[in-house]
Amino acid sequence: MYNVGDVVIYSSHGLCSIEDICEQTFNDITKTYYVLQPLNEPQLVIRTPIDNSKKHLRDIIKKEEALNILHSFTSPGVEWIEQNTHRSRFYLEIFKSGNRQKQANLLNTLLRKKIEYSESEKKFPNQEEKLLQSLQENIFSEFSLALNKSSDEIYDYVLTQLH
């Protein structure tokens, strides 16, 4: 059980502050809900039942796990799939999985491919660019909290690991 003021990870929205815990009734069923405010989307308010069986809420990463994952950027990431539709589907599954290491491996691949595209003066695919931006936002903002560093510092560190 979380408390008002806690910061958690919620699904693909990333970091969220728990603004309230309240009861609401829908279709004559009363449940207790967390009222979440995504930190990167302050205009959005999310309500999710406390007893949600899908468990979209999770704790922020621990410092040691964040450091281990950051060190993994020296290794190659996931396989780059040449066929666009297969690549999009597979990468989206990783994004939605909530598995930080798999997401970091995917981010690793996308960052490396973007550099490769840039060096050969090609345009990086739009779908992958959007996924890259979402992954960076979610991973770097969470890691910045866990490591007490700015997202930019995390990004700069990751870039040094890619070379």
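The values are calculated or read from the model by the stated rules, or taken from the named source; none is laboratory data. No experiment lies behind these values; they were computed from the predicted model shown. Cβ coordinates were reconstructed from backbone atoms using ideal geometry, including for glycine residues, and neighbour counts include every protein chain displayed. In case anyone asks, the SASA skips ligands and DNA or RNA and just uses the protein heavy atoms, side chains included. Shrake-Rupley method; radii C 1.70, N 1.55, O 1.52, S 1.80 Å.
Among residues of the stretch 27-62 being at pLDDT 90 or above and surrounded by fewer than 12 Cβ atoms within 10 Å (Cβ to Cβ), the one that is nearest to D156 (Cα to Cα) is K62. As a summary of the residue check, K96 satisfies the conditions (1) farther than 18 Å from G14 by Cα; (2) touching a residue at least 12 places away in the same chain (Cβ under 8 Å); (3) open to solvent by 80 Å² or more (accessible area, probe 1.4 Å) except for the one numbered (1).
Any residue at all in the stretch 111-123 that is in contact with a helix residue (DSSP H, G or I) (Cβ under 9 Å, 6 or more places away or on another chain), of a type in the set (S, T, N, Q) and either part of a helix (DSSP H, G or I) or surrounded by fewer than 20 Cβ atoms within 10 Å (Cβ to Cβ) (or both)? Among the residues of the stretch 111-123, not one is in contact with a helix residue (DSSP H, G or I) (Cβ under 9 Å, 6 or more places away or on another chain), of a type in the set (S, T, N, Q) and either part of a helix (DSSP H, G or I) or surrounded by fewer than 20 Cβ atoms within 10 Å (Cβ to Cβ) (or both), which makes the answer no. Can we say Q161 is part of a helix (DSSP H, G or I), open to solvent by 80 Å² or more (accessible area, probe 1.4 Å), touching a residue at least 40 places away in the same chain (Cβ under 8 Å) and in contact with a helix residue (DSSP H, G or I) (Cβ under 6 Å, 6 or more places away or on another chain)? In short, no.
Let's see how each residue does on (1) in contact with a Lys or Arg (Cβ under 7 Å, 6 or more places away or on another chain); (2) at pLDDT below 95; (3) surrounded by 11 or more Cβ atoms within 10 Å (Cβ to Cβ):
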| residue | (1), (2), (3) |
| --- | --- |
| S75 | no, yes, no |
| E79 | no, yes, no |
| L107 | no, no, yes |
| S134 | no, yes, yes |
